1. Just the Kirkwood number for the range 84-235, please: inverse of mean 1/r across all distinct Cα pairs, in Å, one decimal.
2. What is the pair-distance distribution P(r) of the chain, computed from all Cα-Cα distances in 20 Å bins starting at 0, with each bin given as a whole percent?
3. Report the label-to-label distance for residue 330 and residue 64 in nanometres (one decimal), using points 7 Å from each Cα along the Cα→Cβ vector.
4. Please give me, ordered by residue number, the chymotrypsin sites (Phe, Trp or Tyr not before Pro) of the range 156-197 that lie in loop per DSSP and have at most 12 other Cβ atoms within 10 Å.
5. Which trypsin sites (Lys or Arg not before Pro) from the range 219-286 combine a DSSP loop assignment with at most 12 other Cβ atoms within 10 Å?
6. How far apart, in nm, are two points set 7 Å out from the Cα along the Cα-to-Cβ line at residue 177 and at residue 315?
7. What does the highest-first list of 330-336, 291-297, 417-423, 101-107 look like by mean Cβ count within 10 Å?
8. Could you pull out the pairs from 309/337; 280/316; 316/339; 316/337; 169/233; 43/404 whose alpha carbons sit more than 21 Å apart here?
Amino acid sequence: MAKSNHVLSLKLSLTLLSLLIVAATTNGLDTPSSKTWRPWPFKKLNKPVVLMISSDGFRFGYQFKTDTPNIDLLISEGTEAKLGLIPVFPTMTFPNHYAIATGLYPAYHGIIMNKFTDPISGEVFNKGLDPKWWLGEPLWVTATNQGRKALTYFWPGSEVPKDSWTCPKGLCPHFNLSVPFEERVDTILNQFDLPEEDIPDLMMLYFNEPDGAGHSYGPDDPRVTKAVATIDKMIGRIIQGLKKREIFDEVHVILLGDHGMVTNCDLKTIYIEDLADWVKIPADWINAYSPVLAMNPRWGEDVKNPGEKNAELVAKMNEALSSGKVENGEFLKVYLKEKLPKRLHYSDSSRIPPIIGMVGEGLVVRQNRTGVHECYGDHGYDNAYFSMRSIFMGHGPRFRKGKKVPSFENVQIYNVVAEILGLRPASNNGSSLFTRNILSPFGETVEVE
């Protein structure tokens with residue numbers, strides 16, 4: 001009996017010790033036991049709010065061109081893509097803004113270029129608002145479909161009616177380039193003065209700089225530096241407005257761009273007419289020249305196998321370009337779209353023409369020599385080029401302070417926003433697991449008395 005009592009006493013002691021060890025492990029051996037986890041203690045807002053800001057054409061590295069104290073604040077107190085945000089191909093404004101909004105590659109969201117001709121119907125898309133072009137489910141639709149409130153300010157694609165989203169007056173201004181940046185910012189800030197139930201859960205704000213300056217003067221021009229300083233000033237206006245309302249630490253602020261920028265000059269041009277000794281290519285076969293060469297040959301009804309003819313054309317073009325006899329020819333590689341590198345995700349759409357040419361970084365393609373000599377900036381090139389990268393930084397309750405994450409493709413952002421807002425994401429090309437890399441669990445460790 002005494003032995004049994006001794007064994008029972010020993011078992012109880014071991015159980016108690018185990019519980020103490022578990023408790024110590026749970027609290028962390030190097031942290032005080034007075035710390036515990038509880039949901040994020042919102043002081044002003046009773047719900048998560050996301051404010052996503054796009055600075056068009058903000059190439060990664062621009063933040064080092066001049067003093068950017070406000071952008072620096074978001075970086076130091078938030079999470080940053082250490083070496084920039086990777087755009088989708090083609091690295092153009094509309095395909096990338098809609099990829100960010102839907103989490104889909106252009107082949108799946110439908111906006112394959114800023115302007116394109118449908119090879120089958122012959123219809124032309126030129127930044128139009130007909131819903132038939134815009135596939136997928138953008139964030140503002142996901143939010144409103146699930147009973148949330150969204151506001152979009154000039155975000156490409158947001159004026160298109162889709163499902164429960166009607167681009168409502170007051171929550172979806174129609175694009176107007178002349179609206180000052182300050183007015184755009186103040187419209188966003190004024191939303192936080194509304195009753196809590198009327199504050200939009202999701203707000204998406206668009207600035208058209210430094211893209212405009214980059215196109216006009218090239219990325220190294222001092223006027224681009226000035227545009228970067230202007231964007232930083234607008235970020236400062238947002239930060240101060242949120243701080244004045246005592247909600248800066250409660251709003252999830254995401255600052256990003258859609259693509260980078262590179263200098264183009266006429267000395268770096270490939271002329272289609274130089275391929276004439278190998279193959280003659282009519283101008284009406286070409287839908288776009290650069291930075292993506294898009295071709296839809298018109299073989300005529302008597303050609304029974306246009307696919308084979310396209311393959312022959314591609315072979316002849318590449319033979320000419322690699323011959324050493326075509327000026328700058330080595331900087332253009334032509335593909336049947338189904339043969340493009342898989343990493344581009346740019347083949348599974350009937351809207352993409354059958355032949356695509358990958359143009360070298362900073363090179364231009366033209367039909368004929370014109371004698372015009374000019375330099376400017378452009379984008380749209382292979383997203384593997386570092387010059388095409390943009391920025392990503394997130395500040396707020398779910399973003400870890402001072403965290404650097406590896407570069408990632410912008411299709412991941414849809415799931416990040418959905419996770420913050422507690423939305424059921426629509427089908428997309430991002431990974432549901434990615435959010436674990438960039439977001440902290442909902443809540444924080446705080447002192448408990």
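Each reported figure results from applying straightforward, stated rules to the coordinates on display, with no laboratory input. Computed from a predicted structure; not experimentally measured. Neighbour counts run over all protein chains shown; Cβ positions are idealised from the backbone, glycine included.
1. Working: mean 1/r = 0.0592 Å⁻¹.
By the Kirkwood definition, the hydrodynamic radius is 16.9 Å.
2. Taking all Cα pairs of the chain, the binned fractions are 23, 48, 21, 7, 2, 0 percent.
3. A separation of 2.8 nm, rounded to one decimal place.
4. Working: sites: 165, 175, 181, 192; in loops: 175.
Here no chymotrypsin sites (Phe, Trp or Tyr not before Pro) fit, given the DSSP loop and packing criteria.
5. Details: sites: 223, 226, 233, 237, 243, 244, 245, 268, 280; in loops: 245, 280.
Those satisfying the criteria are 280.
6. For residue 177 paired with residue 315, the spin-label model returns 4.6 nm.
7. Numbers: 330-336: 18.9, 291-297: 22.4, 417-423: 20.6, 101-107: 26.7.
Going from most to least packed, we get 101-107, 291-297, 417-423, 330-336.
8. Details: 309/337 14 Å; 280/316 10 Å; 316/339 16 Å; 316/337 16 Å; 169/233 28 Å; 43/404 27 Å.
Flagged as over cut-off: 169/233; 43/404.
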